Amino acid sequence: MYEVDVAIVGAGAAGLSLAHRLSAPRFRTRPRTVALIDAPPGPLRPPRRTWCFWEPGPGRFDAAVTASWQRLRTRPRTGAPVEGDIAPLRYKMIRSDAFEALVAGQLASHPAVRRLEATVEAVEDSHLGARVHLRDDQDRPRVLRARWVFDSRPLDSLPAARTTLLQHFHGCFVRTSRPAFDPATADLMDFRTPQPARGLSFGYVLPLTPHEALVEYTEFSPQVLTPTQYEAAVRHYATAVLGLGELEVVSTETGVIPMTDAPLTRQTGASVFRIGAAGGATRPATGYTFAGLQRQTRAVAAALHQGRRPV
Ligand SMILES: Cc1cc2nc3c(=O)[nH]c(=O)nc-3n(C[C@H](O)[C@H](O)[C@H](O)COP(=O)(O)OP(=O)(O)OC[C@H]3O[C@@H](n4cnc5c(N)ncnc54)[C@H](O)[C@@H]3O)c2cc1C
């Protein structure tokens with residue numbers, strides 16, 4: 001006998017997206033019971049972060065969108081920038097705390113979704129279902145039986161691949177003393193940054209108001225930088241390249257996204273599936289992660305609702 005129909009491991013971008021879809025009014029008949037399990041505050045929980053992605057027209061998470069742009073620009077190392085209108089697409093920015101609040105609001109109104117704060121240690125496929133081995137908030141071992149498990153815990157290591165590059169970046173939400181940004185246009189790739197010996201780098205400016213923007217330095221290369229190197233790279237981009245002048249750093253974020261052509265296993269047991277980055281959402285074919293994992297979780301939710309296997 002199962003305790004829940006669906007156990008979702010991890011309440012990050014993928015886990016929350018799947019839980020949001022399964023708790024939507026049209027899914028209220030099936031699956032009936034969902035457990036969303038996330039690690040307690042501590043080292044397993046990712047820090048606050050910002051997700052950007054494009055989609056046509058209105059989207060299901062628009063209430064959490066901080067800003068969006070229809071005009072995008074890239075800047076080559078020399079010469080004129082290339083600028084264009086991406087209609088019908090819009091490039092949207094969602095901050096993780098706004099996304100978490102939006103999904104939490106919907107889950108709170110769904111009687112059959114339980115949220116658990118626990119560390120999942122293992123997921124074991126068993127006859128017609130799976131067991132989730134976890135440690136609860138008082139460090140007691142527990143087992144949760146589920147018909148289906150969707151596991152978004154990050155992989156310990158990536159499988160061997162022809163190509164593995166790291167997309168790694170450091171960004172600052174800044175406030176300038178003079179109006180320095182055009183909120184109508186986002187600079188997606190500005191190649192006027194110093195280029196690394198292997199790979200490439202670019203700057204990134206996502207303006208929120210004439211005085212506020214997320215300014216990032218990104219590399220696609222084999223190795224991450226030190227915190228000091230990231231700070232120096234963003235500072236150089238903001239001051240020497242963009243000439244922003246006096247500015248206040250409001251908050252910072254750092255990320256590493258492995259880009260690999262390795263085949264990632266989506267299904268790890270008869271009843272156990274990986275979702276999110278662990279389930280291949282960062283593979284080049286799926287596009288940028290947030291959009292890729294929306295496609296994954298939409299397909300999973302539709303299959304469960306229709307009583308099909310969520311392959
Ligand atoms: C600063 C930053 C900016 C980014 N910007 C973008 C962007 O603009 N666009 C984009 O597409 N991607 C972006 N990414 C990448 C994107 O955040 C991740 O790829 C995305 O969050 C993947 O979603 P996920 O659900 O697979 O993993 P996560 O969002 O990392 O969620 C994993 C979840 O698993 C939980 N967990 C881990 N271990 C356990 C355990 N043992 N037991 C229970 N729970 C556990 C964690 O608490 C977490 O909630 C960014 C990443 C960072 C860090």
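Restricted to Cα positions, what overall size does the chain have along the principal axes? Three whole-Å values, descending.
Computed over the Cα atoms, the extents are 65, 39, 37 Å.
Can you put Glu253, Glu83 in order of Cβ neighbours within 10 angstrom, beginning with the fewest?
Numbers: Glu253 17, Glu83 12.
Fewest-to-most ranking of Glu253, Glu83: Glu83, Glu253.
Going by how many other beta carbons lie within 10 Å of each one, how would you line up Asp139, Asp156, Asp38, fewest first?
Asp156, Asp139, Asp38
Hey, how many Å between the Cα centroid of segment 226-281 and the Cα centroid of segment 114-161?
If we compute the Cα centre of each part, the gap is 25 Å.
If you take the Cα Rg of segment 51-168 and divide it by 2.2 N^0.38 Å, with N the number of residues, what do you get?
Dividing the Cα radius of gyration by 2.2 N^0.38 Å gives 1.56.
Just to check I understand the Karplus step: with θ = phi - 60° and J = 6.51 cos²θ - 1.76 cosθ + 1.60, what whole-Hz values come out for segment 5-12, glycine and proline as x?
Computed from phi, the couplings for segment 5-12 are 6, 10, 10, 10, 9, x, 10, x Hz.
Considering the Cα trace of segment 160-259, what is its radius of gyration and what is Dmax, both in angstroms?
For segment 160-259, the Cα radius of gyration and maximum Cα-Cα distance read 13.8, 49 Å.
Cα axis of helix 13-22 to longest principal axis of the chain: angle in degrees, 0 to 90, nearest 10?
Tilt of helix 13-22: around 50 degrees.
Order by neighbour count: Val311, Val113, Val132, fewest other Cβ atoms within 10 Å first, most last.
Going from sparsest to densest Cβ surroundings: Val311, Val113, Val132.
How large is ³J(HN,Hα) for each residue in segment 93-107, as worked out from phi by the Karplus curve 6.51 cos²θ - 1.76 cosθ + 1.60 (θ = phi - 60°), to whole Hz, x for Gly and Pro?
With the stated coefficients, segment 93-107 comes to 10, 10, 8, 4, 5, 5, 5, 4, 5, 4, 5, 4, x, 5, 5 Hz.
Percent antiparallel among DSSP beta bridges with both residues in the chain, to the nearest 5?
Counting only bridges with both partners in the chain, antiparallel ones make up about 75 percent.
Starting from 0.36 nm per residue, how many nanometres of slack lie between Asp85 and His236 once their C-alpha separation is accounted for?
Contour length minus the Cα-Cα distance gives 51.5 nm.
Can you tell me how much longer the chain between Ser177 and Ala270 gets when fully stretched, taken as 0.36 nm per residue apart minus their C-alpha distance, in nm with one decimal?
27.7 nm
Place a +1 charge on the Cβ of each Lys and Arg in segment 160-259 and a -1 charge on the Cβ of each Asp and Glu, then give the dipole magnitude about the Cα centre in debye, rounded to the nearest 20. Could you put the intermediate results ahead of the total?
On the way: 6 positive and 10 negative charges, 65 e Å.
Charge dipole, segment 160-259, about its Cα centre: 320 debye, nearest 20.
Evaluate segment 7-84: find the radius of gyration of its Cα atoms, find its Kirkwood radius, and give the ratio Rg to Rh. Let's see the in-between values first.
Details: Rg = 18.3 Å, Rh = 16.1 Å.
Radius of gyration relative to Kirkwood radius: 1.13.
Read-outs throughout are calculated quantities, based only on the coordinates presented, and are distinct from any laboratory measurement. Everything numeric here is computed off the predicted structure, so don't read it as measured data. Note that each Cβ is placed from the backbone with ideal geometry, even for glycine, and that neighbours are counted across all protein chains shown.
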